[in-house]
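These notes concern the structure reproduced below.
The values are calculated or read from the model by the stated rules, or taken from the named source; none is laboratory data. For clarity, every value in this text was computed on a predicted model and none was experimentally measured. Positions of Cβ are backbone-derived with ideal geometry, glycine not excepted, and every protein chain shown enters the neighbour counts. Just so you know, the surface numbers come from the protein's heavy atoms only, side chains and all, with ligands and any DNA or RNA stripped out. Shrake-Rupley method; radii C 1.70, N 1.55, O 1.52, S 1.80 Å.
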Amino acid sequence: MSILREQSGLIYELLEGLSEEQGNYRYAEGKWSIKQLLGHLTDNDRIMSYRLLAIARGEKAPLPGYEENDYAAAGEFDRFTLSEMVQHYKLVRMSTIALLESLPEEAWTRIGTASNHPISVRAIACVIIGHELHHLNVLNERYLK
């Protein structure tokens, strides 16, 4: 939980002071803008939270994967201001943290299937952390250098 809160703070810190022009920046042709990257992080939190909730509650049906580029394109994140995208991210992250805090101890070790692979609730929480860490590194190395 502390890592999720810390990462969230880093995202807020990195992005809240950027201009709209910076929010639209792409480090290369065909790459996401900063707003699209933030939209992707928000979508990923939503998807992983759903998976986490379903498995924590004992869902037995396999949960589908998702194609991140299709989701990013369909999200049309560049139509929002950077400030709006940061707010969307904040709200979703707060919801993810609230969900995690509400889980009973025994739920953390429940295992389900997502993207055709067995995975535990605890592992999904770790995926959220690792995924965001990857994108924080990308932001720092390719967008904000």
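Some values worked out for this structure:
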item: Estimated dipole of the range 1-82 in Debye, rounded to 20 [Cβ of Lys and Arg +1, of Asp and Glu -1, Cα centre]; result: 400
item: Net dipole in debye of the chain [+1 Lys, Arg Cβ; -1 Asp, Glu Cβ; about Cα centre; nearest 20]; result: 320
item: Heavy-atom accessible surface of the chain: percent carbon and sulfur, 1.4 Å; result: 53
item: Signed unit charges on C-beta, dipole axis of the range 1-110, positive-most listed residue Ser33, Phe80, Ile3; result: Ile3
item: Cβ-defined net charge surrounding Lys35, 14 Å radius [Lys, Arg +1; Asp, Glu -1]; result: -4
item: Proximal lysine pairs, the chain, alpha carbons under 30 Å, eight or more residues apart or interchain; result: 5
item: Formal net charge of residues neighbouring Arg57 (Cβ-Cβ distance under 14 Å; K, R +1; D, E -1); result: +1
item: Angle in degrees between helix 82-102 and the longest Cα principal axis of the chain, rounded to the nearest 10; result: 20
item: Size of charge dipole - the range 27-70 - debye, nearest 20, with Cβ of Lys, Arg +1 and Asp, Glu -1, no other charges; result: 240
